[in-house]
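Here is the structure we will look at, set down as structure tokens.
The values are calculated or read from the model by the stated rules, or taken from the named source; none is laboratory data. As the structure is a computational prediction, the values presented were derived from the model and not from experiment. With ideal geometry, Cβ positions are generated from the backbone for all residues, glycine too; neighbour counts draw on all protein chains shown.
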């Protein structure tokens with residue numbers, strides 16, 4: 001009974017830790033940050049660091065659930081520490097290379113430690129007692145964990161944070177053929193994640209950077225807020241990061257020959273790297289092959305920024321009134337607005353609608369606030385952006401119906417509660 005009461009109250013807006021804002025945050029230029037703060041999803045603590053309030057926490061949890069669902073098909077979940085010794089990063093030569101973005105300091109004993117911006121060194125060390133022979137390969141593990149980066153350009157809201165959540169997946173292989181097969185499976189899994197989140201992502205060739213001498217792949221979403229430029233053919237999906245591309249804007253697509261290359265601003269929502277033996281050799285992560293010889297394990301890493309993905313959804317799905325959440329990641333399915341004034345009959349009917357929706361498994365946020373005008377409730381509903389708005393008012397009560405409207409549509413419809421339930425279950 002106590003659990004039921006807790007769920008009941010957390011879905012009432014009057015009891016939810018939520019306050020929307022009409023004014024735009026003065027120090028935020030990114031649309032995702034402006035709308036998420038105004039809608040009561042996040043609160044900025046300092047540049048690049050945000051607290052996730054109940055609504056934001058629910059969206060973030062939805063996004064992570066989708067990621068987990070797809071990653072569980074590719075590997076087992078684990079969790080690694082955020083605090084790393086300098087000695088481990090010295091082995092690969094990255095302690096100095098990463099000092100511009102890695103938080104590095106001394107603990108009380110004088111030992112130098114850092115907060116991990118990534119986990120290649122750590123996972124390679126952890127894998128040593130697990131991988132001994134070719135028969136142990138291939139293997140893959142992933143985590144969803146807090147990362148820290150001393151980001152100099154933390155001005156894009158959730159798109160570029162100093163403290164953020166990363167899903168990082170690592171795979172281990174005996175040869176490149178095994179890696180190639182798995183790498184392509186991860187591509188499919190990533191595209192499924194982004195599609196389920198309501199985004200169309202392009203698999204984009206990019207430089208391997210510090211990780212690899214060969215191409216890496218970025219998953220890019222077209223958006224005005226993008227910090228990257230992608231040369232893209234919309235006909236066949238050919239895409240390359242402008243920095244490494246030999247293609248030219250307006251030229252014929254080198255992939256299909258029929259399309260035309262566009263220059264598109266994009267947001268990177270994921271990346272994957274073939275690491276080779278870049279990290280396995282320094283930590284001596286070796287395996288015994290079929291002939292008894294010892295070889296370094298071939299590795300790859302695959303990342304998705306959870307908050308960056310959430311911010312990209314907002315950048316891609318909003319209008320002049322607020323956020324328009326895709327149903328799969330929305331904090332609730334339905335926003336129920338009670339416009340009843342002092343009419344106890346209308347208020348009672350609204351409560352019955354609320355209970356019926358809950359009974360049928362519909363996740364509903366009930367705006368039961370007293371002394372709040374209908375206009376303010378409609379304003380807040382649009383700003384918060386829950387997919388379905390359901391209104392109970394004296395007009396709807398007179399017909400024993402509810403007024404329903406999708407967040408991305410203009411017209412509202414009067415329906416019986418049963419009719420609405422059939423509609424959303426489809």
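For segment 224-244, the count of residues that are more than 26 Å from residue 198 (Cα to Cα), over 23 Å from the mean Cα position of the chain (by Cα) and modelled with pLDDT under 95 is nonzero. For the structure I just gave you, tell me whether residue 38 is outside the structural domain of residue 369 (by TED's automatic domain parsing), touching a strand residue (DSSP E or B) at 6+ places or on another chain (Cβ under 6 Å) and either farther than 17 Å from residue 157 by Cβ or surrounded by 14 or more Cβ atoms within 10 Å (Cβ to Cβ) (or both). Taking the combined requirement at face value, the residue does not satisfy it.
Within segment 384-426, track down each residue that is touching a helix residue (DSSP H, G or I) at 6+ places or on another chain (Cβ under 6 Å) and part of a helix (DSSP H, G or I).
Answer for segment 384-426, where residues must be touching a helix residue (DSSP H, G or I) at 6+ places or on another chain (Cβ under 6 Å) and part of a helix (DSSP H, G or I): 394, 397, 417.
So is residue 364 touching a helix residue (DSSP H, G or I) at 6+ places or on another chain (Cβ under 9 Å), free of Cβ contacts under 8 Å to residues at least 40 places away in the same chain and farther than 30 Å from residue 29 by Cβ or not?
Details: touching a helix residue (DSSP H, G or I) at 6+ places or on another chain (Cβ under 9 Å): yes; free of Cβ contacts under 8 Å to residues at least 40 places away in the same chain: no; farther than 30 Å from residue 29 by Cβ: yes.
In short, no.
Taking the conditions (1) without any contact (Cβ under 8 Å) to a residue 60 or more places away in the chain; (2) within 30 Å of residue 140 (Cα to Cα); (3) exposed (fewer than 12 other Cβ atoms within 10 Å of the Cβ) in turn, residue 79 satisfies each one other than (1).
What about residue 139, is it surrounded by fewer than 21 Cβ atoms within 10 Å (Cβ to Cβ) and either within 14 Å of residue 74 (Cα to Cα) or assigned by TED's automatic domain parsing to the domain that holds residue 50 (or both)? In short, yes. Counting only residues that are at pLDDT below 95 and either crowded, with 21+ Cβ neighbours inside 10 Å or touching a strand residue (DSSP E or B) at 6+ places or on another chain (Cβ under 7 Å) (or both), segment 368-386 holds 1 of them.
Among all positions in segment 283-301, there is no residue which is more than 30 Å from residue 94 (Cα to Cα) and under 33 Å from the mean Cα position of the chain (by Cα). Residues in segment 162-200 that are touching a helix residue (DSSP H, G or I) at 6+ places or on another chain (Cβ under 8 Å) and either modelled with pLDDT under 95 or in a helix (DSSP H, G or I) (or both): 189, 190, 192, 193, 194, 196.
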